[in-house]
1. Considering only B:ALA174, B:HIS28, A:VAL64, whose Cα is most displaced toward the positive end of the charge dipole of the protein assembly as shown, charges sitting on Cβ of Lys, Arg (+1) and Asp, Glu (-1)?
2. Counting partner chain Cβ atoms within 10 Å of every residue's Cβ in A:109-118, what's the average?
3. Please give every one of the lysines within straight-line cross-link reach of B:LYS173, meaning a C-alpha to C-alpha distance under 26 Å, and leave out same-chain neighbours fewer than 8 residues apart.
4. So for chain B, Kirkwood radius off the Cα pairs, Stokes-Einstein at 4 °C and 1.567 mPa s: how many µm² s⁻¹?
5. Running a GNM on chain B with Cα contacts under 10 Å, which residue among B:PRO12, B:PRO242, B:PRO189 ends up with the highest mean-square fluctuation?
6. If you count, for every residue in A:59-71, the Cβ atoms of partner chains within 10 Å of its Cβ, what is the mean?
7. Could you give the semi-axes, largest first, of the ellipsoid that matches chain A, computed as the square roots of 5 times the alpha carbon gyration tensor eigenvalues and rounded to whole Å?
8. Over chain B, with a Gaussian network built from C-alpha contacts below 10 Å, which listed residue (B:ALA55, B:ALA67, B:ALA174) shows the highest mean-square fluctuation?
Amino acid sequence: MNTDLLTHNKVRLALHQLRPGTGRALLLLHGLGEASPNEPPPWTKRWVGPVYGLDFTGHGMSTVPLGGGYSAETLLADADIALAHLGEATLVGRGLGAYVALMITGARPRLVRGAVLCDGPGLWGGATGPASSSFVNIEPPYSAPDPNALVELSRDLRPPDYAQLFARLAVEHSGLVEPIAVAAVVRPPWLAAVTDEVGVVCCSLDDALAGFATAVSRPDVG
Amino acid sequence: MTTAEFPGAQSPARTYSLRVGGVRLAVHEWGSETAPPLFLVHGGFDFARTFDEFAPRLATAGWRVVAWDQRGHGDSEHTALYGWDADIRDAIGVIGQVTNKPAPVVGHSKGGALMIQLADAQPFRFSHLINLDGLPSKQPMSDTAEHDRTRMLAGDITGWLDHRRITATASRKAGTIDELARRRANMNPRLPLEWLRYLVTVGAREDADGWRWKLDASMRFGGFGPWRPEWTATRLPGLGMPFLGMLAGQQEPMGWGTLPHQIESQLPLGGKLHVLADIGHFVHIEQSAMVAETVLEFLAETT
């Protein structure tokens, strides 16, 4: 396994090449409290391009910063730093990584060539609107996974209409007819709302990857 | 060290550092160390020394005035991550290391909104809550058409991500004291240039090639996220401590555009709202004497 350390502000992000290949990369985004696998998972066998796994900030081999301050938007920027390195990629996200995969597909629709959203830790997220809040300071030293990440990212707000905006951006600008595939069995409110959007398909992980491997752009977009 | 003069401005009597969650925060105090504490919380892109003129007025009246630079601001540490909850945790860390008794808290702008949430989550820390033009209202964006909202979000996200790709090597632009003061005047158009020059000497550092604001270069205006400003207002009606809000009547770039009728129905029981028709967002700087007097009167009559 080759690992590149990418710089995101004051954080070093570990991007692992799990398997070399030619063509478009497959980028795996792990769930909350997880890290990139050390080996390519069996379901990547038919993907001909290289397979990568990213460790989000505070996870795996990436920097564990002091004092927390995590948000899903920070992890979105982590994923974008990986895309800046890889170029076009197809994404598979687990749990929290599925939510980040949705966001980056809307945020960088010309770089993400399809995202598969799968079950995994952190899929639910927090409340969908204002809720009673609690605050606990966790004193260092920390080790990965960062306890601040586990607390903050398990309760980040997930209003369904916010998630829908990213799905719409993806559908409008990606050039793919169906740029988002939902393979998750569990459907928290944000994911149920996304699933209802035009251009979002529900299918198995294998079928989604087979489709994205040969995906062609819509003629009306760029 | 170069320090400009400004009438009434006083350096803190004590400045020291505390660590909260491992992050070094700079704390500044005015007044007697044995006086009862009162906390001042600055807004976004500001720093504690912006209270150099306001804080001494409260200290003279018998308070130990405590303010801190939020992470990434002023003399506090630049961190890898910034967030609303992290700012609140930092506040708890500072307040809790100064006192374990309820104390008055005065928050300006974002600092005011942060303290509304903390007062809701940990009311035992507050004897009074005073909000200086930090009362959020319904986001104007909510009224725009759906496709416009999506387009605006796309621009915000792309701009923010492009910025994140270069923050590791970004630094603030260097200039003379006058240049930095005039740049700040774009965001603080109602404040005297003399005051902004003073702020440069306490909020910027002098490098070989000129002055730079100490603010972390990774921070930028704008942004996006799931939180809607009007949701902060939902925490107001339930607050149990005496509450005073002071709302600026004059709109300017750093203000939030909240109108009195949008917040009056959200006030807690017995809460007061002063609308300062002729004053801009930095109420405590524009009309320092009047605002300090109002705060002190409110504390006296509700204690």
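Read-outs throughout are calculated quantities, based only on the coordinates presented, and are distinct from any laboratory measurement. This structure is a prediction, so every number in the text was calculated from the model and none was measured. Please note: Cβ atoms are built from the backbone with ideal geometry, for glycine as well, and neighbour counts cover all protein chains shown.
1. Selected residue: A:VAL64.
2. On the way: counts 1, 0, 0, 0, 0, 0, 0, 0, 0, 0.
Shielding by partners across A:109-118 averages 0.
3. In chain and number order, the partners are A:LYS10, B:LYS110, B:LYS214.
4. Diffusion coefficient, whole number: 65 µm²/s.
5. B:PRO189
6. Working: counts 0, 0, 0, 0, 1, 1, 5, 11, 18, 11, 15, 5, 9.
Per residue, the number of nearby Cβ atoms from other chains is 6 on average.
7. Values: eigenvalues 138, 93, 41 Å².
For chain A, the ellipsoid semi-axes come out as 26, 22, 14 Å.
8. Its mean-square fluctuation being the largest, the pick is B:ALA174.
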